[in-house]
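The structure under discussion appears below in the form of C-alpha cells.
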Amino acid sequence: MSKIELNVLFKKLQRDDKKEVLDFHVMGEKLERSDELVLMAGNMVLLNIESSQAGEIPAEFKSIQRDSKKTVLKFEAKGDSQDQIIKLYPFAGNNVNLTIEESQMSLEEFEEQHEGIEYSISHDGTASVTHPDQVTMDDVDNTEFPFSDEDPDDLLN
C-alpha cells in the first residue's frame with residue numbers, strides 16, 4: 001500500500017449534509033508524487049494529521065484539483081469518525097503534516113458494511129420487523145416462569 005506524506009495547509013473542515021469535508025492545499029506548481037495522488041482519487045484512504053491525536057481517519061478521496069498556484073485535495077470522512085474529526089478543529093487554518101495511505105477497503109466494500117434489518121410493510125403502511133431468532137409470546141411456555149400460577153394481583157403487593 002502506498003503512503004504519501006505531505007506538508008499542507010489544512011484549509012477548512014466543513015460539515016455539509018451530515019458529512020465532514022476536509023480541504024487541504026499544497027502551495028506551489030510542483031507536487032511530489034502527484035501521479036500516485038491522482039490514482040488514489042475516488043478511493044478510500046486513511047488520513048493522519050501529525051500531532052492531532054485523532055489517529056487514522058477513514059475517508060473518501062473526493063478530488064484533486066491543480067492550478068498554477070496550488071493543488072487542492074478534498075476528502076470526505078467516512079464511518080463513525082465524529083470523535084476523531086472534533087480533534088482536528090484546532091488544526092484547521094494551519095500547516096500540518098498529512099499522511100495519506102491507501103485503504104485496504106474499497107468504497108463499495110465500505111458502503112456495504114451495514115447489513116440492515118429485514119422488515120415487511122403491510123397494506124396499511126405499518127412496518128413489521130421480523131428476525132428468525134425472535135421469540136413471540138405464543139412461543140413461550142408458561143412453565144418457564146416461576147410465578148405463572150400465581151395471581152398477577154398478588155405479585156403487585
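Rule-based calculations on the coordinates, nothing more; no lab input. Since this is a predicted model, take the numbers as computed values, not measurements. Virtual Cβ from ideal backbone geometry, glycine too; neighbours counted across all protein chains shown.
For GLU56 and HIS25, the difference between the fully extended length at 0.36 nm per residue and the C-alpha to C-alpha distance is 9.2 nm. Cα convex hull, the stretch 3-111: 95 Å³ per residue, rounded to a whole number.
Length available on full extension from ASN43 to GLU5: 0.36 nm per residue minus the Cα-Cα distance, which gives 11.9 nm. In vacuo Debye scattering of the stretch 1-67, one point per C-alpha: log10 I(q)/I(0) at q = 0.15 Å⁻¹? Log10 of I(q)/I(0), two decimals: -0.52.
As a rough footprinting exposure proxy, the listed residues LEU13, LEU47 were ranked by other beta carbons within 10 Å of their own, and the order from fewest upward is LEU13, LEU47.
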